[in-house]
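For reference, the structure is listed below as structure tokens.
The values are calculated or read from the model by the stated rules, or taken from the named source; none is laboratory data. Source: prediction; values computed, not measured. Methodologically, a virtual Cβ is constructed for each residue, glycine included, from the backbone with ideal geometry; neighbour enumeration extends over all protein chains shown.
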């Protein structure tokens, strides 16, 4: 009981220190109290009077973010921290206080500080042998010295996936060539799909990889699923070391086969980004992208469309334009969002996006409105403001982000008092930045 009172007092102290650091406005004082109904009424009154500024919204949001964290019950603190991860720099003081408690939320706070570079790895490395997996993961994340390679290798065999993921992040930070073999083992044997994929991505960033790693990835290819193959193909193209020591030849074999797979499209996208001067590879990549755009699935077309912007091939450009008649609205939305960035196509594509945006019952309407915002179209503001009250939580949050893109944060202010605490926390995180 006493511990609970002390912890509550400490959390409230962090909140109070944040709020009194400057003279609080009446809106901030209401936000500090957590009285959402009263705050909603004041926000609405300020909006109607045209008196709610972007600075007001930022200040209220930061206060509400601190309130949501400080008032969360023990079982919900981790959820709130996860929801606030994109604006962790705003809550460093709270994180620093919370990491001093030896529970799952304390571990999450410590990990967030490590990722921010606001906690010295030397302060947590001794926790790498903890019984508690959350804290063991924190300790492993601190194993970034060259001499820690054996400890990182050991952690990659930990029974808990969180610890193994933390070991991968430590390897990524350390960039030690001796970790390459362990990454290959993880890519082959780790039971978690996300860890296998991440191991290949990290390997591709190593400058010292060469022939043995290419051979190992080629052997891994035979037993890999299509998603892992996509990562391997991208690594062959994206890594100079892999590309120069056999990766190029593997890409030619893959693309010359003439298939239509996620790995072939990924390889073509990577070639378009990194190796357009390689005429043989570029021609194979162009042919693959054309097939994907004309004959692929929705997944194939969307990814090929994204890759198409990296090439100046007329063949690919013509295939892209044919998507204007595609029966899939998601494909047409992606097409016109991309084409609208081109001066010669902007008017036509904006008109197509407006057709979607104004049809409130169309499944892609919210995405179209958000796309228009990213393209700088301010006349979409009233529709986005309406979306902040949509029954779908993701639509409300998407509208917040889109309004911020257009520097119209005050028009998203109603989401600060949203009835869903998860939406509320994510919204004030965005609005407080």
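The figures follow:
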read-out	value
Qualifying position, being over 25 Å from the mean Cα position of the chain (by Cα), crowded, with 20+ Cβ neighbours inside 10 Å and closer than 25 Å to residue 286 by Cβ, among 323, 339, 333	323
Complete set of residues in segment 287-298 that are within 13 Å of residue 331 (Cα to Cα) and in contact with a helix residue (DSSP H, G or I) (Cβ under 7 Å, 6 or more places away or on another chain)	292, 293, 294, 296, 298
Residue within segment 56-68 that is part of a loop (DSSP other than H, G, I, E, B) and under 15 Å from residue 414 (Cα atoms) present	no
Filter result for residue 376 (on the phi > 0 side of the Ramachandran plot, outside any helix (DSSP H, G or I) and touching a residue at least 24 places away in the same chain (Cβ under 8 Å))	yes
Residue within segment 165-174 that is surrounded by fewer than 20 Cβ atoms within 10 Å (Cβ to Cβ) and not in a helix (DSSP H, G or I) present	no
Yes/no for residue 326 being at pLDDT 95 or above, over 28 Å from residue 235 (Cβ atoms) and either touching a helix residue (DSSP H, G or I) at 6+ places or on another chain (Cβ under 7 Å) or not assigned by TED's automatic domain parsing to the domain that holds residue 235 (or both)	yes
Residues of segment 125-150 satisfying the condition of being within 26 Å of the chain's Cα centre (by Cα), surrounded by fewer than 23 Cβ atoms within 10 Å (Cβ to Cβ) and in a loop (DSSP other than H, G, I, E, B)	144
